[in-house]
Structures are given as structure tokens and as C-alpha cells.
Ligand code: FES
């Protein structure tokens with residue numbers, strides 16, 4: 001027996017058209033074999049039961065088809081048996097076009113669409129109105145929880161149905177479907193908020209009970225309500241216009257000009273010094289790479305990793321721990337509308353101007369300058385690849401966005417999934433003349449530099465930025481003498497000369513604190529230096545200049561021209 005759907009829908013003209021368009025052969029099989037597409041199976045019944053809307057066509061006396069959208073509670077169209085479906089006609093539209101058409105022509109066509117899963121079912125049948133006194137059938141069509149008045153009921157005897165291909169169905173989601181996706185996320189958010197609140201409480205009480213700490217500083221004086229709404233002394237007034245939680249520990253902050261003006265243009269690799277008022281009330285600055293598209297001048301975006309959990313517990317806090325608390329201050333106190341007066345963006349990590357291929361490597365939060373570079377290279381149509389490593393995918397900020405924007409130029413390495421970046425392999429397989437740009441933890445950068453040197457990659461092709469400078473575990477304490485200020489003090493094994501000088505109340509300029517910007521460079525009056533910076537040339541080192549933020553004394557005493 002021919003397929004009933006083909007019998008009804010494939011008229012002579014339709015078949016001729018299929019022939020013309022070379023699709024006839026594909027549908028010819030529907031003219032033979034056993035027909036089953038007039039009896040609804042459990043699959044169709046379940047599909048119909050899950051729908052809360054459908055499109056229904058009737059035929060008018062003028063031969064015009066009339067298509068109507070019908071909606072109701074999920075499963076409002078009932079499958080009564082394998083060849084019968086029906087629905088209650090609720091009070092609403094008063095045109096009665098479909099109901100009127102059915103009095104004259106009982107042909108009806110329905111389309112059910114499952115938008116999220118891109119599936120659709122087309123069905124044809126004969127419709128009849130349920131008799132007003134057929135209470136049993138009417139009751140079987142009603143929805144108990146749906147508060148609308150039933151005006152009549154309709155029964156459809158199924159003549160044929162067919163499943164359609166998913167092409168050209170845009171996935172759409174109903175409110176309840178979206179809610180089912182969001183509920184686990186909002187639950188997780190509430191849980192994280194509760195945990196954060198608890199951690200803050202613990203941190204505050206620990207800070208207050210730490211006697212030594214309380215005597216040496218006035219930590220934990222700034223409460224949430226006290227945080228200044230306007231801070232910083234820079235000439236660029238920025239206002240926080242958006243905050244998004246990218247991962248459990250990373251938050252993106254969008255900044256716009258306070259007066260709505262265009263922002264100064266910046267190049268990939270640039271960073272912004274963000275004023276932060278620490279809990280002791282002191283103004284300090286934290287440096288964050290601009291990760292937004294450098295083509296945009298309407299807003300800047302930075303991403304801040306909250307390293308609070310990485311701090312030692314309160315009774316082990318020392319000065320360096322306090323210094324690190326800038327990011328947790330940002331997470332706790334930065335809210336929409338807060339004004340930050342910043343200096344113009346600075347760039348110590350620019351892309352070189354050439355057409356050479358580029359290999360970008362990012363570890364963790366090191367993705368921020370690398371992301372801006374990838375966007376610039378994309379718009380310049382330069383040959384590049386981006387290799388982004390992290391512990392777990394949900395800790396890797398922007399990974400979803402980058403997948404969409406970069407396609408196969410992006411390579412993700414998730415160590416929790418056993419997929420680690422093989423740095424050596426990457427270095428040796430990179431295109432000839434490729435320039436490498438990398439940003440990430442010190443360990444990763446040190447490893448990259450070591451391997452690059454082993455494989456003879458010229459240093460002019462290696463560009464990197466550290467987002468932290470950790471003092472070597474083997475570092476020793478030493479004495480620093482200041483020639484012009486006539487001061488002398490010890491620098492402990494755990495602190496930098498810069499921090500020790502600042503602690504003496506001597507105002508020296510600094511910026512990156514990672515040995516990349518040259519802002520803290522001073523002349524050495526006497527003594528030898530272990531240079532740990534990335535910015536001084538050999539000539540500058542020979543001329544007895546040093547970076548206070550990362551370099552150290554080679555012997556027990558070092559005299560500076562300060
Ligand atoms: S502060 Fe940038 S090199 Fe020292």
C-alpha cells in the first residue's frame with residue numbers, strides 16, 4: 001500500500017516538480033511498501049505530549065488555506081488512540097475562522113515543532129466537533145490545571161503524518177526550558193555567594209584577632225559600605241559599566257568614560273593601572289591587561305582573578321600577603337557606577353609590526369592580553385594560532401567566546417582532562433620565523449624560555465609578560481644603603497628592594513612590578529646586582545642601572561644612588 005502521506009500530499013503536479021528538481025527518486029519509496037504513517041506510535045504520542053503549541057491549517061470556502069497558531073499548556077493536544085487526537089478549544093479569539101472552516105471542510109493539517117531539538121511532525125486528518133453533550137470526550141480533552149474556559153472540543157482522525165528534516169529550524173527555548181537550564185546555575189551562584197560570605201566573615205574575624213597584625217597595621221578598616229565611590233588620581237575618569245562573573249574566580253569588569261566620551265585607543269598587550277583602596281585605607285594600583293577588542297573605543301574590559309583563596313591563613317599573613325589582597329578588594333568592593341581615575345593605558349607587551357606568523361600561548365589568567373592579541377591578529381588577517389592552557393575548562397575565562405571567535409585557530413589544553421600543552425613540541429613545530437607571545441604563571445614562562453633557548457629560538461622572537469614575580473626560594477637577605485637619603489636597612493629574603501624602599505617612606509616610581517616597564521629603574525652607586533628584569537639592555541646593565549622591583553643584591557650590601 002502506498003504511503004498515505006505521499007498519497008495525500010504528492011499530487012501529480014507535486015510529483016512532476018520533484019522530477020524536475022531531481023528529488024523524485026528519494027521519495028519514490030514512499031509509494032511502495034507497507035504503510036504505517038497513519039497510526040501514531042509511542043514516539044509520536046510522546047512528541048505531541050511535549051508540545052505546548054502547534055500550527056493548524058484549515059480550508060475555507062474561498063479555497064484559501066488558513067493557518068492558525070494554537071498554544072496551551074504542554075500536552076494540550078491529546079493522543080486518544082493510535083489514529084485519534086483531539087483538543088479543547090479554549091475561549092479567546094472571536095473570529096472563528098478555523099472553527100467556521102471546519103463546518104464546511106473537515107480537512108485539517110497540523111505542524112508540531114520541537115525548536116530546541118530541531119524536530120517537526122506534520123500531520124493531516126479529518127476534524128469534527130465533539131457533541132456538546134458528549135461530556136466524557138470533552139472531559140478527556142480538558143487540562144485540569146489550565147484556567148481558561150473550554151468553548152468546544154475537536155477530534156481529529158489521523159489520515160497521515162510524516163517527520164520532517166531539521167533544516168532551517170532555529171533552536172528557540174520557552175521560558176520554562178530556559179528556567180530549567182538556569183536553575184542549576186542560580187543554585188550554584190547562591191551557593192558560591194554563601195561560601196564567599198562565609199569566607200569573608202572568617203577572613204575578617206581572623207584579621208581582627210591576629211594581634212601582631214592589628215598592631216602593625218589597620219587592616220580590615222574598610223567595610224563594604226565605606227569603599228569610596230571615586231578613587232585614583234589619573235586623568236582618565238572611568239566608570240564601571242558592567243560586571244560579569246566569567247568563572248568562579250574570575251570577574252570581567254567593563255569600564256566606560258565617565259562623561260560618555262570615546263576612550264583613548266590602545267594596542268593589544270596594553271594594560272591599565274587600576275586604583276585600589278586596600279583595607280588599611282591606602283591607595284595602591286593593580287595592573288590589568290585590557291582584554292577587550294582593541295578596535296573598540298567605547299569601553300575597556302579587564303578580567304580580575306580573585307587570588308584571595310591563594311593567600312595564607314590569617315595567622316600566617318605577612319606583608320606580601322597583604323600586598324596581594326588587591327584582587328579580592330576588587331571582587332568585594334567594585335560595583336556598577338564606581339568611578340576609577342586611571343592613567344592612560346600603557347603597553348610593555350606590544351605585538352611586533354610584521355607579517356611573520358604568530359604563536360600565542362596563554363596560561364590561566366594570562367589569557368587577557370593574549371585574547372586582545374588574537375582579536376588584533378584576526379582583524380589584520382595575520383597567520384596565528386592560540387594555545388590556551390588551564391586546570392579545568394570552567395576555570396578558563398573566555399574559552400567559550402574564543403571558540404566561537406577563533407574556530408580552529410584556538411587550541412585548548414585542559415590538564416584535568418589529561419590534555420596538557422607539550423611546550424617543546426609546540427616550539428619545534430611552529431612555522432619558521434614565528435614570533436611567540438606568552439603570558440602566564442612564572443613556571444610556564446621559565447619553562448618556555450629555557451626550551452626556546454635549547455632549541456636556538458632567537459630571543460627577538462620571544463615576547464612575554466609575567467603577571468606575577470615570585471622571589472626565588474633561594475633568595476637571601478641583604479643590606480641596602482641609600483646614598484642621597486643617607487639611609488640603611490635590611491631587605492628580607494621574601495621582599496623586593498622596591499617594597500623595602502617604599503616601606504622607608506621613600507617615594508620611588510613603579511608600575512608593573514614584574515621587571516618589564518623600566519619605571520623603577522635606579523642607578524647603583526656601589527655593589528653588584530643579580531638582574532631579574534626583562535627590560536634593561538646589556539648596555540644599561542653595564543652602566544649600573546637596575547630594576548628595584550625584581551633585581552637583588554649579589555653580595556651582602558648594595559648602595560643605590562637614591
Ligand atoms: S616597576 Fe616595572 S620594571 Fe620595576
(request) Could you tell me which numbered condition residue 432 fails, if it satisfies all but one of (1) at positive phi; (2) without any contact (Cβ under 8 Å) to a residue 24 or more places away in the chain? (result) (1)
(message) Against the definition (at negative phi, in a strand (DSSP E or B) and without any contact (Cβ under 8 Å) to a residue 60 or more places away in the chain), how does residue 508 come out, yes or no?
(response) no
(message) With the requirement that a residue be within 13 Å of the ligand (Cβ to nearest atom) and surrounded by fewer than 14 Cβ atoms within 10 Å (Cβ to Cβ), what does the stretch 469-514 give you?
(response) 509
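With respect to residue 540, determine if the residue is more than 22 Å from residue 285 (Cα to Cα), part of a strand (DSSP E or B) and either in contact (Cβ under 8 Å) with a residue 60 or more places away in the chain or away from the ligand (no atom under 11 Å from the Cβ) (or both).
So residue 540 fails the test.
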(message) Can you report the number of residues in the stretch 544-562 which are more than 6 Å from the ligand (Cβ to nearest atom) and either assigned to a strand (DSSP E or B) or out of contact with any strand residue (DSSP E or B) (no Cβ under 8 Å at 6 or more places or on another chain) (or both)?
(response) 9
(message) Condition check: assigned to a strand (DSSP E or B), farther than 30 Å from residue 353 by Cα and touching a residue at least 12 places away in the same chain (Cβ under 8 Å). Does residue 501 satisfy that?
(response) no
(message) All but one of (1) touching a residue at least 12 places away in the same chain (Cβ under 8 Å); (2) farther than 28 Å from residue 353 by Cβ hold for residue 473; state the number of the condition that does not hold.
(response) (1)
(message) Cβ-Cβ under 7 Å, sequence separation 6+ or interchain: first residue in the stretch 126-140 and free of Cβ contacts under 8 Å to residues at least 12 places away in the same chain, partner part of a loop (DSSP other than H, G, I, E, B) and surrounded by 11 or more Cβ atoms within 10 Å (Cβ to Cβ). Which pairs?
(response) none
(request) Please work out which residue is farthest from residue 481 (Cα to Cα), limiting yourself to the stretch 519-534 and to residues that are within 6 Å of the ligand (Cβ to nearest atom) and touching a strand residue (DSSP E or B) at 6+ places or on another chain (Cβ under 7 Å). (result) 533
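We did not get these values from a lab; they are worked out from the coordinates using the rules stated. Small disclaimer: the values here were computed from a predicted structure and weren't measured. With ideal geometry, Cβ positions are generated from the backbone for all residues, glycine too; neighbour counts draw on all protein chains shown.
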